[in-house]
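Remarks on the structure that follows.
The values are calculated or read from the model by the stated rules, or taken from the named source; none is laboratory data. A quick note: this is a predicted structure, and the numbers were derived from the prediction, not measured. Cβ placement follows ideal geometry from the backbone for every residue including glycine, while neighbour counts extend to all protein chains displayed. Calculation scope for accessible area: heavy atoms of the full protein, side chains included, ligands and nucleic acids excluded. Shrake-Rupley method; radii C 1.70, N 1.55, O 1.52, S 1.80 Å.
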Amino acid sequence: MEEPESEGDDAVVVYKNSYASLANDLPSSSLYDMKRSISQFSQLFRPNNTARMQYGVDTSFKSRLQQYFIENQKSSLRIRMFNVFIKLLSCVFYCVRVLHDDRVYPVPFPYTNNTENDAEVTKYEYLIWVDLDYYTWLAQTIVASISIAETIVVFYLSYSGSVLRLLNNIHFLLELLTSFPFLFTIFFPSYRNLYVPNDLNRSSFINHSALFRQFLLLFSVLLCLLFTGMCSIEHLQRARAKRIDLFTSFYFVMVTFSTVGYGDWYPDYWMSQLCVVILICVALGLIPKQLDEVRMTWTERQKSGSDFGGWGNEENGHVVVTITSLEVAFIRDFLEEFYAHPENQRVQVVLLSPAELDTPMRMLLRIPLWNNRVHYVRGSALRDEDLERAKVLNAKACFILSARNQNKKVVTDEHTILRSWAVKDFAPSVKQYVQVFRPETKMHIEHAEILICEDEFKYALLANNCICPGISTFITLLMHTSRGEEGQKSTEPWHKVYGFHSGNEIYNIKVAESKFFGDFIGKSFSYASFHAHKSYGIGLIAVSPENGSTGVKLNPGLTHTIQADDILYYMGLTNEESLYDFRKDIQQQQRRANVASTIANIGNIAIDVPGTNETRDLSRKKKKRAILQKEKAADEMNLIEVGQPVNSSRRPSIAMVTERHIESSSDSEGEEHCEKCHGVCIQKKLQRTYPQVRTYIGTSNIVCHMMKEKRSMCCLQLNVPCTHKKYTTAFEYRWRNRPIILAADKTSSGMYNLITPLRAYYRPVHDLHPIILLLEMEEEDAVGSTFLDAMAYFPDIFWIKGSISNLDNLLRAGVSLAEHVVVVKETAVIAEEHFADCNTIITVQKIHRMFPKLRVVTELSHATNMRFVQFNPNNAYSLAQSRFEKKERKRGSHMPFMFRLPFAQGGVFSANMLDRLLYQAIIKPYVVSLIRLLLGIDQSGGGGYLTSFVITDEDMWIKNYGRLYQKLCSSVADIPIGIFRTKRMDTKTVSLDLQEQCLNSERDELLRNKDMYEHVKNRMRLLGIRESSTLLEGSESKGTISFVIINPSPDLVLEIGDIVYVIRSPLRKDATSKRVNPRRGLRRSKNVRETMDGNPSAPLPTIVIDNEDLP
């Protein structure tokens, strides 16, 4: 029976515990015997004072040597480097010995006067004995003693078992052959002149990558062969009269191995010739093998990536991008946006991913633009070894991204959480920029510097598109890095205007350091915004008071006074820091803006057609009116620019922007009489408060219009009657406003962010649109109770179950009455990543074909798929845009699809555009907060909000955008930021040929869709729904082009139908509906009180304006 291994005192405890457990089962007579046996047996486990085993760890002298020589990385590295030094030193001493060898031992070489006879003489004793002085022998002996001692120790520690196994090791035998003879000559001095060969053993002395070790091994093999061949040929030729030196021997070996073979020197007898043959055979056996291993290692390295060294770039640093799968388009978008900023030009990017590089991705990284700046490391963010390989600890930032072609986004977010935690655990001080899909994930990644939730931004953009048409395009272009050069090569005017203004971006600057705003210290925010736009063409939109310590506020209006330590946020074509020559560069920008405005203003002047008396009379009136307008304009410009009283018979219709507090939209006013509600006014049922139930943790505190009493769950389902209602279709409800339909395949917590902007407290109560959720769910599936519980507190929200592509379901949901239809897809089962949007695209196409005038808004996963939205192969203008897109892509545009009509009009956007927010955050961390405020995801106390209004015929007296800016700032302290313009497809916007082709295609489209329209009408009649001609065939009007103009110049002429984006001044929660009206700042006030710029406290006399005298 074998004795158990010693485990010290712990083993005794185990046995005693075993004894205690069996004590009750043993007879009392055997207890004493068992105690004595255990006591005797435990003596075997008592360790002595020299060696002790604890928990299986060997603490003997050999184990300590193993830890020092082999296991410890630092000490073993020093030992290996010392070993290499010893080997090189022995080679140096060998060469020194050869240089001083004159072949005089044992006797001088017997030369004769006959050269031919000397060439045939071979003295083999010179191969055994060499010339060796005492000091060279002593040095070689010391080196050999150290070398063999170290070798014996290392091999003793490395090998276990019989010592005879060392005799089978070639490296150990070579070491004995080259070192032991020197030790032998210490005791036998007569053999000190005995020839001892030298060998440069291969040693791996650097713990580096596999590829580096293979290259080092190949280099070692070549070096060993060259050195061995050089020494061997030189020594063998000592036996001949034709002796050579070391350099000639090295030259011969190099010429031989390179297969050149000049023939100017060659070995002249059999031993040296045999040595050359052996060297060639060894080289043919070793070098191809090593080259093949290098090739294989190189191939594997290309697939798995290498370790990031980071040498020579410590000053600029690097960022790490962790992503689960590598997509070419995804990585290209990141690199283009990241390196678009000059601050990042010298920063290295490390891609850390477990995915293997495919051919397209490998070709992308070989582009010279990225080749030296982008590095790929294959590994997982959950492994510390891979994080160390990517040098995450020294990184400036770590981007944690997720691929978009994921079906189970919840699982993907769980992986993102673990990756973020792993990076935080490994490098706590590294800033994290994280992208997730679901908002409920945010609570686990609160430590991130910047966190982008796709569902939050996506649904908020979709909601704001229903309030401010085209705002998704506006936001996308605003957060996209551009120089405004897109579309400038086009022949179409709207391309030039749209592309030029897309170069506007958001910047920030401290007031004390700014030339833009330094003169406005002590002025109101509205005053600074208007005059900055007027003087420099920039749009001031937000402020962060007290050096950013109190958060960002959108347009605080007259309630905020500019201070020197404030941080201001503005829109502009470039930031102030990039203006080298301030005045010259500003003038150049203004000239470019004026050119774009001139192009946009072409065709706005009406042309009189003579032929009738009525036309001639109208012409005379217009001329007379024009003269009066010039007089008034001159008077007004004097007042606006100079700020002094004007002696004129007419007074300006727009008040000057002053520093005095004006009647703002926050002031109280009596409730207006409700004439829109049928029965009890909806306002009496609502209250402005925070939502009582939220769909996920981490929801921003947003004040909304909420029901005072929770609605019954049965009332939420649109098409199912209950005790409280009997309606089954949207038409029967007879809502005061047209509904908004959200068509989705299932509910998600992110839908909460679509509802809150549409029900925010600053929306006019009587303008709230009903929201209908059309859910494409299976019959056995049910809507979550938590989601319904949250929806029950919001007014006019319903849901209906049914297929999105089914016409009857769309009609029951009220598509024929709808203001907007929003189509989203939460899941997608795909075989290829770019087919993820196919279901959404086809659904939108069906709705668009059946209801061509209906405004459909959707979101796609891939930006390249936007070309298929509302695709019409027979539309000549769409095909022309396709050709222009290809030209823009060749010119290097990062957003060539921006001129596609569905995107330009705000009908579609891509969620991956939101990633640009994350990529910019390392340079502009404030952009995320600003976009969240603009979209209504967050609300800030004392800040404004985004809304819009339409320019009507009654507003044309304002004339241009600069006067509109002044009117809004002076009356209600609102700030316009852009325009959504719709133009007809005529000769002023497109070429004559395209115009005719578009008209023909529209007629053909009506004929092709006639049967479809009849089918829709029949279904509407069968369901008892009134026909709506506005959404079906429509009229014979020409087609239109819609696009956004970001931060227009002051002289841009307004057009009827322009939708103006406005950031309104702060609004009190108890403000009346009249105050909430976004058009309130446009009304013509009969009493305009002006003040002087130099003396705000001295008001001018009240100006009484007659509306009939106004232009």
Query raised in the report: Over 19 Å between Cα atoms, which of Lys396/Lys924; Lys431/Lys924; Lys685/Lys726; Lys87/Lys123; Lys489/Lys887 qualify?
Result: Lys685/Lys726; Lys87/Lys123
Report task. Calculate what fraction, in whole %, of the accessible area of the range 349-500 sits on carbon and sulfur atoms when a 1.4 Å probe is rolled over the protein chains. Result -> 52
**Report entry** Largest to smallest principal axis extent of the C-alpha atoms in the range 325-383, angstrom
**Finding:** 32, 25, 18
Report summary line: Regression test value, accessible area per residue of the range 744-854, probe 1.4 Å, units Å², expected 32
Report summary line: If each part is reduced to its alpha-carbon centroid, the range 87-102 and the range 452-472 end up apart, in Å, by 79
Query raised in the report: So, by mean Cβ neighbours within 10 angstrom, what's the order for 77-88, 456-467 with the highest one leading?
Result: 456-467, 77-88
Report task. Please give the per residue accessible area of the range 484-527, computed with a probe of 1.4 Å over protein heavy atoms only, in Å². Result -> 34
Requested in this report: With r as the distance between the Cβ atoms of Ile842 and Lys685 and R0 = 35 Å, compute the FRET efficiency 1/(1 + (r/R0)^6) and round to 0.05.
Outcome: 0.30
Query raised in the report: Hey, any idea what % of the range 726-846's accessible area is carbon plus sulfur with a 1.4 Å probe?
Result: 48
Report task. Output the pairs from Lys408/Lys553; Lys553/Lys708; Lys890/Lys967; Lys890/Lys983; Lys725/Lys1010 with a Cα-Cα distance over 32 Å in this structure; if there are none, say none. Result -> Lys408/Lys553; Lys890/Lys967; Lys725/Lys1010
Report summary line: Once both label points are put 7 Å beyond Cα along the C-beta direction, the Glu356-Val96 separation in nm becomes 5.4
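Using a 1.4 Å probe on the protein chains only, how many percent of the accessible area of the range 220-311 belongs to carbon and sulfur?
Here carbon and sulfur together make up 69 percent of the probe-accessible area.
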